[in-house]
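The block underneath contains the structure these notes are about, expressed in structure tokens.
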Amino acid sequence: MSTVTALLAARSAEDAPGLTFEGRTWTWRELAGECAVRAHWLRGLRAADPARPVHLGVLLDNVPEMLFLLGGAALSGTVLVALNTTRTPDRLAVDARTSDCDLILTEPGHLEAARAAGKEAGLEVVDYEDGAYAAALAPHLGASAPEVPVDPGTLLMLIFTSGTSGDPRAVRITHRKVVVPGENLAGRLVNAADVVYSPMPLFHSGAIMAAVAPALAAGAHIVLRRRFSASGLLPDLREHGVTYMHYVGKALSYALMATPEKVDNPLRFAFGNEAAPAEQAAFAERYGCHVIDAYGSTETAISFSPDPFGPPGALGKLGEGVAILDPETGAPCPPGVSGELVATTGMGLFDGYYRDDAPERTRQGMFWSGDHAYADENGYVFFVGRALDRLRVDGENFGAAEVERALGELPSPFAVYGVPDTASGDQVMLAVTGEFDPEAFAALAERLNPKWVPRFVRVCREFPLTASNKIVKRSLAAEAWLTADPVWYRPGRGTAYRPLTPDDVTALRAELARTGRSHLLEGR
């Protein structure tokens, strides 16, 4: 098995375009040279614990420096800790401490947050646009890459889980964890003639493994965008001749809103995860490309190969070593019954969390993903939701993702989640952006399973999002119907909605108090 170091060495003599960012292009030879410079600088740093390599915390947008440092870490045996730019300084300090950062490198736009986090964590902060950093790199300009022994199991990065359903954890990213998906995608979807568009945050695993890694393995041209822009997508595709793009979450939905008609462009593949089936189909038709929505997580213990001939919305088929088990009994779930996705014969590409044994994930020699799904009678798997994204309404268990699939024709981004029922279990709540037509929605709701029909509909000005455009449902669920945003309410058994009033809120609170469930609204 190869390493990121070996892949970078293979590109180091190539004069084909390797990276383009905001009007500037580096060849692969030049990119590898920049990585070598950072490798020498990293080797000059000292870890707080001599028994481990240096851990460099990076708080950066999608800028070339991030890739130069990633290559530098691969060439020097040091570890890049990808810090999330959307985290508050106090949480950044926690992340830096738990991942054993020795230094934080940042840019002017995040300097204030980095300094606050660094002060709390007792760490030095370096601005990479400052002259002192350039001076530190200067002695190494033109130097060959250092010879440092690395193997597929060498730790390369620490990347935090996205935190959509709980506190982020630092996942150990070894060389093999980058190389395997990179070579797999390079063999199927990306070759040296392709242009790979990378607009998703580089501090998340998706962009590293599904954009940077295949481009590196194939010798393709990376077009890096500082942040995803729906309005900027089509101009970028056309200007750079993009043939492959990576996306996450609601990116396709926002792109559809920005391009209401079919458009001419060179895109052939959009590869990512967590786009609704209706969004996948609409994007494929509008942009004239293939959309491949794969199951993925930062841990990468479980993977599926999407089947273009399978039923809409299916992740792929159950394969050897992956099962859907009842999380309480451990028994296999029959077709049509949802349970937890489990890697039954090992951990796949998961090399563990950093300083976290996570017993709820790794038990009985298996990896329990926390993700729920069901398989049909032919073995096709359908995602249901995260462990914290499950609802129980009137005794029926189901996933928010099932309801979201059924509501796929809604014209704007939306999210489904559970809020406390006044008696027991949950009620379904829907959050939407844009205009809400209660009569049109009522007609759509008539076609739903009666227990899936939202009790409340919140009309948001904007959603709370992770940097990879995933809606943070726990924030919405925490506010429930206690929000300044307009909320529509369905008080009866039918599908007639009316505005939620202060009297309704008072009555709901009183009923929760009567049933001893007020604690479910603590702090709201």
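The values are calculated or read from the model by the stated rules, or taken from the named source; none is laboratory data. On a predicted model such as this, the values are computed, not experimentally measured, just so you know. Here the Cβ positions follow ideal geometry from the backbone for every residue, glycine too, while neighbour counts run over all protein chains shown.
Here are a few things to note about the model shown:
- Entry remark, segment 460-508: residues being surrounded by fewer than 18 Cβ atoms within 10 Å (Cβ to Cβ) and assigned to a strand (DSSP E or B) number 3 in total.
- Of all residue pairs spaced 6 or more apart or on separate chains, those with beta-carbon atoms under 7 Å, a first member in segment 412-441 that is of a type in the set (D, E, K, R) and a second member that is surrounded by 14 or more Cβ atoms within 10 Å (Cβ to Cβ) are Asp421/Gln427; Asp426/Leu391; Asp426/Arg392; Asp426/Val393; Asp426/Gly418; Asp426/Val419; Asp426/Pro420.
- Identity of the residue in segment 286-304, assigned to a loop (DSSP other than H, G, I, E, B) and under 13 Å from the mean Cα position of the chain (by Cα), that ends up modelled with the lowest pLDDT: Gly296
- Lone qualifier among Gly142, Gly153 - being touching a strand residue (DSSP E or B) at 6+ places or on another chain (Cβ under 8 Å), surrounded by fewer than 17 Cβ atoms within 10 Å (Cβ to Cβ) and part of a loop (DSSP other than H, G, I, E, B): Gly153
- Residue in segment 88-105 that is modelled with the lowest pLDDT, counting only those that are of a type outside the set (S, T, N, Q), assigned to a helix (DSSP H, G or I) and closer than 19 Å to Arg355 by Cα: Arg91
- Residues in segment 258-279 that are closer than 22 Å to Val223 by Cβ and either out of contact with any Cys (no Cβ under 8 Å at 6 or more places or on another chain) or part of a loop (DSSP other than H, G, I, E, B) (or both): Ala258, Thr259, Val263, Asp264, Asn265, Pro266, Leu267, Arg268, Phe271, Gly272, Asn273, Ala275.
- Residue match in segment 27-45 (condition: crowded, with 16+ Cβ neighbours inside 10 Å, out of contact with any Ser or Thr (no Cβ under 7 Å at 6 or more places or on another chain) and at pLDDT below 95): no
- Test: residue in segment 16-24 that is of a type in the set (Phe, Trp, Tyr) and either without any contact (Cβ under 8 Å) to a residue 60 or more places away in the chain or surrounded by 19 or more Cβ atoms within 10 Å (Cβ to Cβ) (or both): no
- Annotation: of all residues in segment 242-257 being part of a helix (DSSP H, G or I) and touching an Asp or Glu at 6+ places or on another chain (Cβ under 6 Å), the one that is surrounded by the most Cβ atoms within 10 Å (Cβ to Cβ) is Leu252.
- Checking each residue in segment 49-87 for being under 20 Å from the mean Cα position of the chain (by Cα) and either charged (D, E, K, R) or assigned to a helix (DSSP H, G or I) (or both) picks out Asp61, Met66, Leu67, Leu70, Arg87.
- Search result, residues across segment 364-388 that are modelled with pLDDT of 80 or more and over 29 Å from Ala276 (Cβ atoms): Gly365, Met366
- Just one of the listed residues (Leu59, Leu83, Leu158, Leu103) is within 15 Å of Arg38 (Cβ to Cβ) and touching a residue at least 24 places away in the same chain (Cβ under 8 Å), and it is Leu103.
- Pick from segment 317-362, criterion part of a strand (DSSP E or B) and farther than 27 Å from His175 by Cβ, ranking: farthest from the chain's Cα centre (by Cα): Pro332
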